[in-house]
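The values are calculated or read from the model by the stated rules, or taken from the named source; none is laboratory data. For clarity, every value in this text was computed on a predicted model and none was experimentally measured. Using ideal geometry, Cβ is built from the backbone for each residue, glycine included, and neighbour counts are taken over all protein chains shown. Protein only, heavy atoms only, side chains kept; ligands, DNA and RNA dropped before computing areas. Shrake-Rupley method; radii C 1.70, N 1.55, O 1.52, S 1.80 Å.
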Amino acid sequence: MDSVLWLIPVLPLLGAAITGGLALAGAKDAHGPNRGLVATIAVLMPALSFFLTIAASVELAKHPDYPISQHLWTWLDFGSLHLNASLLFDRLSSLMLLFVTGIGTLITLYSVGYMGEDRGFARFMSYLNLFLFSMIVLVIGGSLPMTFLGWEGVGLCSYLLVGFWHRNDDYNDAARKAFVVNRVGDLGFLLGMFALLAVVGSLDYERIAGFFQQRDATALAGQSGLIAAAALLLFFGCTGKSAQIPLVTWLPDAMAGPTPVSALIHAATMVTAGVFLIARLSDLFVDATLPVLGLNALQWVMVVGCITAVWGAIAGCFQHDIKKALAYSTVSQLGFMFMACGAGRFDVALFHVFTHAFFKATLFLGAGAVIHGLHHEQDLRRMGGLARLMPFTGLIMGAGWLAILGIAPFSGFWSKDLILESLFASGGLGIAIGVVAVVTAGITAYYMTRMMVLAFTAPTQVDDETRNHIQAVPATMAIPLVILAVGSIGAGLLWMGLPAAYGCHTDWFAQYLAPVVGKAQAAFAPIPAPPGGHEAVAHGHADAGHLTLAWSMALAGTVAAVIGAALAVVVWSKGYGTAKPEAGTSTAPTGFGGAWTYGFDRLYDAVVVLPTKILGLAGYWLVELLVIAGLTQLVANAARYVGDGYAAMQRPRLRMQLALSIAGLVAILIIVAANIPKP
Amino acid sequence: MQYALLVLLVAPALASLIAAVSSPQQSAADHRLGFFLSLLVAALGLPLLWNAYPALSLPWFPLIGTGATVHLSLASDGLSAWLAQLVLWLTPAAILGARATVGERMGAFVTAVLAMEALMLGALFSRDLVVFYMCFEGMLIPMAVLIWLFGGHDRLSAALWFVLYTMAGSIPLLLAIWWLAAQAGTVELAALPAFIAKLPADQQGWLFLAFVLAFAVKVPLIPLHGWQARTYAETPGPAVALLAGAMAKLGIYGFLRFVLPLFPVLSAEHANTFIVLGLIGTVGGALVAIAQDDAKRMLAYSSLSHLSLVMVGVFTFQTDAMHGTAVQMVAHGLSVGALFLLVGWVEAKSGTYGVDDFGGLSSRAPLLAVLFVIAALASAALPGTANFVGEFALLLGMWKSDPWIAAIAGLSVILGVVYLLTLIQRWFYGRVHASSEPVTEISPAVALAVLPLLFGAFAFGLFPGVITRTAGATCDALARPAREAAAARKPAAPIPQAPAAPAPAAESH
């Protein structure tokens, strides 16, 4: 297995190259390249990667403590760097890859139906495959620079896909904004790598983990400043990719992309890369204990996650666009994941990444089916009553809705409950954050229920013309929807360990990740003993408190969800009433002017964008043209008299002059060569 | 084999002569001939990579009145070899991509480009200051001719501006070399460091200034960049590909080959000045690039930004940064060469290159769009490209010198995508402008010229070892004296605090 690991990323790359080539070759053709061929290649390649990932995971299961790795070639080898291009397939990469390639394949299949009529179908499929390649490299890379390769790669693909319909300049603005904001975070990533390299002397993941796991207290204390800098800079990178405050503003605008893109990139996979990175570097984050502005690195992660979760949830309550409501929900849910990281429970954070991937993909693809059915209508004010018009889609989205609400036994219940639990268990700041998180869970239930009510049960606002021409959901879209909905219902059971009937432990998922994040978690909180929980069960005493906490959190989360949902039903069951949208009011993404990021956009416009432009213009007009060019002009004027002679050269004579001067040069060389002293 | 380097220098000069005298005065034939000859020369230069060509030194002529003899002293090492590859392969690419720009006067274009190639190679291989200076200055003539013959509406003035500006920068160098010849009795590079080290401080200072001035103009280093934007704007795309891709590297080459080894102590002493100027250029260049409304000026300021970044790295003297310098010079040459060839095509077809002059080009010319986007991404140092390896190593070196230098220089990472994405969006996306009408899909020749450059950008990004092992090691070795001088300066402060241990350095006075 370790010799074919490279195929997992390379297959989608091949798919991207082939479909991209076909797109270019068919550019002049009126119909574009053969859609069947494109679709087959584009779906087959990620599917093959998925099967290879399963095979590798099976192999890994035999030796859980020995990750499969493959050294491909020596990449950066100079000065202080000796870095191989290497792949690392351990439990963490295995988990991430399973759902990246799995959900990736499903969404590619869905796109065959959703984008089949689009003129740029082959180009779209090529970008999707390129995205999967980058995402796989991000996850499977054996070192930080390898991950960075995928990290910027997914940013590029996000740019290409958000601006996919590039006739529309608003969409182009949104795409550019996404890339630039991500680059701001990437600078943090770069500098964080330098800081970490100064501490560890290597950027290889296994070396980094090894360095921190020795926990040589004096060695760590001497470098606590650099370690904190590394953790915070890398976390800044994560806020860019995972759309956390302060770099949150790009994600809502990114909804300009086709809906499958929103589902795959801006909900299920790419935006969770920040959580993945923190889990991957859990040993670093746990040891970054030096307080910066009063908080240590993990506390910063927790606070930023909390603020973002609240902000995203509140923003979600005011959206008219079905995709934007889901986008803010993603922002908010990512905040929950970061809160779990901050509480030192990286396995819980990844569990939420996992369940969220299912239910958010379900919701987005369901929304896609709605938009598809209503002929590109995504304004909630023109929906309502869809439960009768498209019952299949309603059922699917219902599953996703119950999951995100956190109603037992749907998947979101388990992961959200665990997050609340870990926050309260971490004590201190965690308890305050935990209270906010419970309230946020209530707000989440409110805005999600509002969206569902407005779309499916409120009095219909769909005009007759559309109602009579609802587009059916084709099989290529229906199959992924069903599979993902089943995932939204059942994925949570993995924590329970598809239950003990199979002889597994009750926290199978935590066990699965323990070889990667277990040591960091044990170092963070030796008392709750999360990774070895199954052993603690036998000891009873500490576990009694643990169980009480678990039950009370389940109760608190459920109550908050029910209250939020009930409130939304009461407020919105009549729909918007008479407050219909004015004709021509569009909810389409508007580049830099999106609602609710508006505050951030205004702020950044005033503080960053405008000064940049002014500096550029001032630099050009004042410094360049006035000072630099002016001074040179003075000199040039003096020299102009000399130049008059030069200007007298005329074209017919030029060739002769050139020939003569070159002949002279060669003649000199020949004379020299002839005079070379004979040895 | 003994004279292989000499043959390599004479070959393009001879090719230039052939093109000049045998030109059938017919564009297509001249084009084929020029391309064939330049490809032949490039193939001849390939063995440089495994250092197959031995050094040679032949006495040429006595410098009258100085007692020094000028030698035709040629040698190649990792740095010379890789920059020579850049020159050798960008030349056929520029010729191949020039058809639409140059039109009927292909014979003159090929003649000038090949002459320039010969002189650039001469500057890269010469280890004799006088011969170096002849080549370094001689390059200006064919370049000026190219601007004058094929430039925009302001071409005559731009050609003059270019020649006079860069000449003004290097005339002090001529005097410095003359003075050195008279004092030292030699102009051989190998013999000079020991001689210069013994000179009194003020004389060293004047010499240092003369050398720095000549190369700083060429890089260009702020505030000596006045010639750049205007020259790039008025020069035809394929010629800028050579100018920005290859010729500008000779400024940095001069710093590495001459300034650091000849003046290690002064370089270390003034390192902060260069770092500050470099940082202003890195960030300021990128900011000004955002404000540009034509593509060529934008790319000119982008080049200013990228090469200033290299200068900052050079003057940290860090091993990582020196390897980054080597990779970044090759990488920048490839990406900026590709970008200017493509801009050259657009300009040749439409007569304009303003940022707002086009729209929706990607549907009219998909291949042009794809290649342009890839070249722009390489220029923005996307991981996987050689530009990323170069920037990564440069920034790493800066971080080791002082994290704040890396943080400030790193701003160009963000600003770089702002202007490039703006240009891409205006030209290739959005609604189709009426003015996009004349721009057609690129010809196979242009695609063939650009593709190997982009392939190189990715190949060296994944396997940068081929550059770092040779060119990187050379740069590092050239910086060693300066690095040691800088290290010797640092503990200077604590010594007075330890009166118990008398400083041995003080006694040697």
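Which residues, counting only those in the range B:175-196, are in contact (Cβ under 8 Å) with a residue 40 or more places away in the chain and part of a helix (DSSP H, G or I)?
Of everything in the range B:175-196, those that are in contact (Cβ under 8 Å) with a residue 40 or more places away in the chain and part of a helix (DSSP H, G or I) turn out to be B:Ile177, B:Trp178, B:Leu180, B:Ala181, B:Ala182, B:Ala184, B:Leu189, B:Ala190, B:Leu192, B:Pro193, B:Ile196.
Closer than 30 Å to B:Thr111 by Cα, in a helix (DSSP H, G or I), touching a residue at least 12 places away in the same chain (Cβ under 8 Å) and open to solvent by 10 Å² or more (accessible area, probe 1.4 Å): is that true of B:Val163 in this structure?
It is true that B:Val163 is closer than 30 Å to B:Thr111 by Cα, in a helix (DSSP H, G or I), touching a residue at least 12 places away in the same chain (Cβ under 8 Å) and open to solvent by 10 Å² or more (accessible area, probe 1.4 Å).
Could you please let me know if B:Glu391 is buried (at least 21 other Cβ atoms within 10 Å of the Cβ), within 11 Å of chain A (Cβ to nearest Cβ), of a type in the set (Asp, Glu) and in contact (Cβ under 8 Å) with a residue 24 or more places away in the chain?
It is true that B:Glu391 is buried (at least 21 other Cβ atoms within 10 Å of the Cβ), within 11 Å of chain A (Cβ to nearest Cβ), of a type in the set (Asp, Glu) and in contact (Cβ under 8 Å) with a residue 24 or more places away in the chain.
Search the range A:206-246 for residues being in a loop (DSSP other than H, G, I, E, B) and touching a residue at least 24 places away in the same chain (Cβ under 8 Å), and hand back the single one that is nearest to A:Pro515 (Cα to Cα). Before you say what the answer is, go through the steps one by one.
Just the residues of the range A:206-246 that are in a loop (DSSP other than H, G, I, E, B), to begin with: A:215-216, A:223, A:242-246.
This time we only want the ones that are touching a residue at least 24 places away in the same chain (Cβ under 8 Å), so: A:215, A:223, A:242-246.
On the way: A:Arg215: 17, A:Gln223: 26, A:Ser242: 25, A:Ala243: 29, A:Gln244: 28, A:Ile245: 31, A:Pro246: 33 Å.
The selected residue is A:Arg215.
Name the residue, out of A:Thr466, A:Thr460, that is open to solvent by 50 Å² or more (accessible area, probe 1.4 Å), more than 23 Å from A:Ala491 (Cα to Cα) and in contact with a helix residue (DSSP H, G or I) (Cβ under 9 Å, 6 or more places away or on another chain). Quick ask: steps written out before the conclusion?
Values: A:Thr466 fails: open to solvent by 50 Å² or more (accessible area, probe 1.4 Å).
Only one candidate qualifies: A:Thr460.
Only one residue in A:Gly192, A:Gly102 is part of a helix (DSSP H, G or I) and open to solvent by 10 Å² or more (accessible area, probe 1.4 Å), so which one is that?
Checking each option against the conditions leaves just A:Gly102.
Among the residues of the range A:154-175, how many are facing chain B (nearest Cβ under 7 Å) and either modelled with pLDDT under 90 or over 17 Å from B:Leu420 (Cβ atoms) (or both)? Walk me through how you get there before you give the answer.
Filtering the range A:154-175 down to residues facing chain B (nearest Cβ under 7 Å) leaves A:156, A:163, A:166-167, A:169, A:172.
Keeping just the survivors that are either modelled with pLDDT under 90 or over 17 Å from B:Leu420 (Cβ atoms) (or both) gives A:163, A:166-167, A:169, A:172.
Residues that pass the stated criteria total 5.
So which of B:Leu224, B:Leu277, B:Leu213 ends up being within 14 Å of chain A (Cβ to nearest Cβ), over 28 Å from B:Gly359 (Cβ atoms), outside any helix (DSSP H, G or I) and open to solvent by 10 Å² or more (accessible area, probe 1.4 Å)?
Exactly one of B:Leu224, B:Leu277, B:Leu213 is within 14 Å of chain A (Cβ to nearest Cβ), over 28 Å from B:Gly359 (Cβ atoms), outside any helix (DSSP H, G or I) and open to solvent by 10 Å² or more (accessible area, probe 1.4 Å), namely B:Leu224.
Given (1) buried (at least 22 other Cβ atoms within 10 Å of the Cβ); (2) over 18 Å from the mean Cα position of the chain (by Cα); (3) within 26 Å of A:Leu617 (Cβ to Cβ), identify the lone condition not met by B:Asp293.
With (1) buried (at least 22 other Cβ atoms within 10 Å of the Cβ); (2) over 18 Å from the mean Cα position of the chain (by Cα); (3) within 26 Å of A:Leu617 (Cβ to Cβ) applied to B:Asp293, the lone miss is (1).
Pick out the one residue from B:Ser412, B:Ser379 that is surrounded by 24 or more Cβ atoms within 10 Å (Cβ to Cβ), within 11 Å of another protein chain (Cβ to nearest Cβ) and hydroxyl-bearing (Ser, Thr, Tyr).
Only one candidate qualifies: B:Ser412.
Given the criteria of a type in the set (A, V, I, L, M) and either surrounded by 22 or more Cβ atoms within 10 Å (Cβ to Cβ) or on the phi > 0 side of the Ramachandran plot (or both), does A:Ile419 qualify?
Yes; evaluated as a whole, the condition is true for this residue.
Looking only at residues that are of a type in the set (S, T, N, Q) and farther than 28 Å from A:Ile614 by Cα in the range B:280-327, which one is nearest to the other protein chains (Cβ to nearest Cβ)?
Restricting to residues being of a type in the set (S, T, N, Q) and farther than 28 Å from A:Ile614 by Cα, the top hit is B:Thr319.
Kindly establish whether B:Lys198 is more than 14 Å from chain A (Cβ to nearest Cβ), surrounded by 16 or more Cβ atoms within 10 Å (Cβ to Cβ) and of a type in the set (D, E, K, R). Walk me through it before giving the result.
On the way: more than 14 Å from chain A (Cβ to nearest Cβ): yes; surrounded by 16 or more Cβ atoms within 10 Å (Cβ to Cβ): no; of a type in the set (D, E, K, R): yes.
So B:Lys198 does not fit the description; no.
Looking at the structure I just gave you, is B:Phe460 outside the structural domain of B:Ala93 (by TED's automatic domain parsing), among the aromatic types (Phe, Trp, Tyr) and more than 22 Å from A:Phe164 (Cα to Cα)? Break it down stepwise before answering.
Details: outside the structural domain of B:Ala93 (by TED's automatic domain parsing): yes; among the aromatic types (Phe, Trp, Tyr): yes; more than 22 Å from A:Phe164 (Cα to Cα): yes.
When the stated conditions are applied, B:Phe460 passes them.
Would you mind finding the one in A:Ile404, A:Ile443, A:Ile396 that is touching a Leu at 6+ places or on another chain (Cβ under 6 Å) and modelled with pLDDT of 90 or more?
Result of the check over A:Ile404, A:Ile443, A:Ile396: A:Ile396.
Consider B:Asp357 against the criteria (1) of a type outside the set (A, V, I, L, M); (2) in contact with a Ser or Thr (Cβ under 7 Å, 6 or more places away or on another chain); (3) open to solvent by 10 Å² or more (accessible area, probe 1.4 Å); (4) within 13 Å of chain A (Cβ to nearest Cβ): it satisfies all of them except one. Which criterion is unmet?
Every listed condition holds for B:Asp357 apart from (4).
Evaluate the range B:328-350: report whether one residue or more is facing chain A (nearest Cβ under 10 Å), in contact (Cβ under 8 Å) with a residue 24 or more places away in the chain and either within 24 Å of A:Ala23 (Cβ to Cβ) or open to solvent by 20 Å² or more (accessible area, probe 1.4 Å) (or both). Before the answer, list the steps.
Of all residues in the range B:328-350, those facing chain A (nearest Cβ under 10 Å) come to none.
No: the range B:328-350 contains no residue that is facing chain A (nearest Cβ under 10 Å), in contact (Cβ under 8 Å) with a residue 24 or more places away in the chain and either within 24 Å of A:Ala23 (Cβ to Cβ) or open to solvent by 20 Å² or more (accessible area, probe 1.4 Å) (or both).
Which one of these is open to solvent by less than 20 Å² (accessible area, probe 1.4 Å) and within 14 Å of another protein chain (Cβ to nearest Cβ): B:Ser57, B:Ser16, B:Ser27?
Only one candidate qualifies: B:Ser16.
Can you name every one of the helices (runs of 4 or more DSSP H) wholly within the range A:320-439 that holds 2 or more residues which are without any contact (Cβ under 8 Å) to a residue 60 or more places away in the chain and out of contact with any Pro (no Cβ under 7 Å at 6 or more places or on another chain)? Give the derivation first.
On the way: elements: A:322-342, A:346-373, A:386-389, A:391-405, A:411-426.
Ranges flagged: A:391-405.
Pairs, please: C-beta under 8 Å, at least 6 apart or cross-chain, first residue among the basic types (Lys, Arg) and in the range A:161-183, second not in a helix (DSSP H, G or I)?
From the range A:161-183, the pairs are A:Arg167/B:Gly360; A:Arg167/B:Tyr429; A:Arg167/B:Gly430; A:Arg167/B:Arg431; A:Arg176/A:Gly163; A:Lys177/A:Thr249.
Given the options A:Phe148, A:Phe189, A:Phe133, name the one that is within 7 Å of chain B (Cβ to nearest Cβ) and in contact (Cβ under 8 Å) with a residue 24 or more places away in the chain.
A:Phe148
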